[in-house]
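Everything on this sheet refers to the single structure shown next.
The values are calculated or read from the model by the stated rules, or taken from the named source; none is laboratory data. Computed from a prediction, not measured in an experiment: that's the story for all the values here. Using ideal geometry, Cβ is built from the backbone for each residue, glycine included, and neighbour counts are taken over all protein chains shown. In case anyone asks, the SASA skips ligands and DNA or RNA and just uses the protein heavy atoms, side chains included. Shrake-Rupley method; radii C 1.70, N 1.55, O 1.52, S 1.80 Å.
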Amino acid sequence: MKKLLAISFLVLLSACGEKPISEEVSDVEEPKNILENLTYSIDTVVVDPGDEIINLKHLNSIYVSLSPSKNQFYFFDRSRFILHEIDLNSLKLVNNYPFEEEGPDGIGRFVYHFKSLPNGNFWVQDLLGSTSVFSKTGKRIKKFEFNEEELLKDFPLGLNLTYELQVDFERKKLYSLPLLFKVEGKHFAVMDSSGQTEKIIELPEFDKIEKYKVEYNSGRDGGDGRGELVRLEQPNDLVLISSTVGNGIYIHNPELDSLMYQEFPHELTPLEKDVNVKNVVQSPKELEAEREKFHTQIDYWGFYWDEKTERYFRFASIGIPRANVDSPKKYEHFLFVYDKELTLKGEAKLDNLETIPRAGFFKDGKLWSYVNVEDELGFAVFTFDF
């Protein structure tokens, strides 16, 4: 709990014993690290599906969404083209909405993103970049057309304009990170609601990510690779661009139309990765050796916004060295808290935590993260006390 400084009063009485001459009140000060005495607990709850079977094969962040009220949780089953609606207060499956694969309202076979919008509709994108807005009942409301050849004429060939595409419904803006694995340099795009580019900005502070790419190509049966993740998210009003390579982020303020880079003075963890890796390897064994180097480096993850406390939360992980590559992977996990201006307010190591949530949301001051509980949809609910 926060430690509060006692409020003291100094009262000087006049010679005649009448009212005080002066009174001094000290300010209540917030600790430098508000997570210094952090404790946490995790409760697991399971959704009642009734007579329905919820297929969890494709349960991940690109197919789940939360309603603006945070009372409904949506999961799109891309195998059966069904949108499940779960009531988070009763923890029951309350509706199933079928979608069409083909036709005028066809959603397509290769759905890549399925996200709810503040007006109750859904933003749907396929692997080829085709993007539309659908109603809950599966009706296409609007289709977006992106002329990437024209929009990216001044940039390297091969950029994917719709990568990490985000919708700012309130401001009628679209944001993305036009990039591709084999194209060097990171970019941030701002577009209007018709898909016309307003600006594409280079992100030079993320050039360091390039040195952490590892690629293996056998020439016969394909290949494999390893690289750092870059993400774009808007957990609150600010648009945040972050990567797993370090704690530094780009912050886009839509109201000011500004973009700035910010790093954080973390003390419990390295500020970023620090390891030399081979960018091209010649065998799967060599690739595995390079991956093991990443295994013991810091990984910074995305941000969560808690409306109740008006704070951002962020996790990070550091791999513990293994005796051999067949040993189970274990990690040290950390939690950071920032105020609404993204000033660091606290950090803590999360002892005895086996895994951290990779996706979730805050509801009533608690972090909810969806989990598979013996093939049933459930949530791990984190309570943080500090």
For the range 168-190, name all the residues that are at pLDDT 90 or above and of a type outside the set (D, E, K, R). Leu174, Tyr175, Ser176, Leu177, His187, Phe188, Ala189, Val190
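For every residue, the table says whether it meets (1) free of Cβ contacts under 8 Å to residues at least 24 places away in the same chain; (2) in contact with a helix residue (DSSP H, G or I) (Cβ under 6 Å, 6 or more places away or on another chain); (3) aromatic (Phe, Trp, Tyr).
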| site | (1), (2), (3) |
| --- | --- |
| Ile62 | no, no, no |
| Lys70 | no, no, no |
| Val94 | yes, no, no |
| Pro98 | no, no, no |
| Pro104 | no, no, no |
| Phe122 | no, no, yes |
In the range 119-143, anything assigned to a strand (DSSP E or B) and open to solvent by less than 20 Å² (accessible area, probe 1.4 Å) is listed as Phe122, Trp123, Val124, Gln125, Thr131, Ser132, Val133, Phe134
Might you check whether a residue that is in a loop (DSSP other than H, G, I, E, B), under 19 Å from the mean Cα position of the chain (by Cα) and of a type in the set (D, E, K, R) occurs anywhere in the range 242-261? no
Of the conditions (1) surrounded by fewer than 17 Cβ atoms within 10 Å (Cβ to Cβ); (2) not in a helix (DSSP H, G or I), Glu286 fails just one. Which one is it? (2)
Flagged pairs (Cβ under 7 angstrom, 6 or more apart or on separate chains; first in the range 240-254, over 15 Å from Pro204 (Cβ atoms); second in a strand (DSSP E or B) and among the basic types (Lys, Arg)) are Ser242/Arg231; Pro254/Lys173
If I ask for residues that are of a type in the set (A, V, I, L, M, F, W, C), over 25 Å from Asp51 (Cα atoms) and open to solvent by 30 Å² or more (accessible area, probe 1.4 Å), which ones from the range 89-118 would you list? Phe110
Return yes or no: is Phe303 more than 30 Å from Glu184 (Cβ to Cβ), aromatic (Phe, Trp, Tyr) and in contact with a Ser or Thr (Cβ under 9 Å, 6 or more places away or on another chain)? no
Within the range 78-88, the count of residues that are open to solvent by 20 Å² or more (accessible area, probe 1.4 Å) and hydrophobic (A, V, I, L, M, F, W, C) comes to 2
Can you find a residue that is within 19 Å of the chain's Cα centre (by Cα), open to solvent by less than 60 Å² (accessible area, probe 1.4 Å) and over 21 Å from Leu229 (Cα atoms) anywhere in the range 158-172? yes
Would you check if Val111 is aliphatic (A, V, I, L, M) and free of Cβ contacts under 8 Å to residues at least 24 places away in the same chain? no
Would you tally the residues in the range 291-303 being without any contact (Cβ under 8 Å) to a residue 60 or more places away in the chain and either in contact with a helix residue (DSSP H, G or I) (Cβ under 8 Å, 6 or more places away or on another chain) or on the phi > 0 side of the Ramachandran plot (or both)? 0
Leu268: passes all of (1) hydrophobic (A, V, I, L, M, F, W, C); (2) buried (at least 21 other Cβ atoms within 10 Å of the Cβ); (3) over 23 Å from Lys366 (Cβ atoms) but (2)
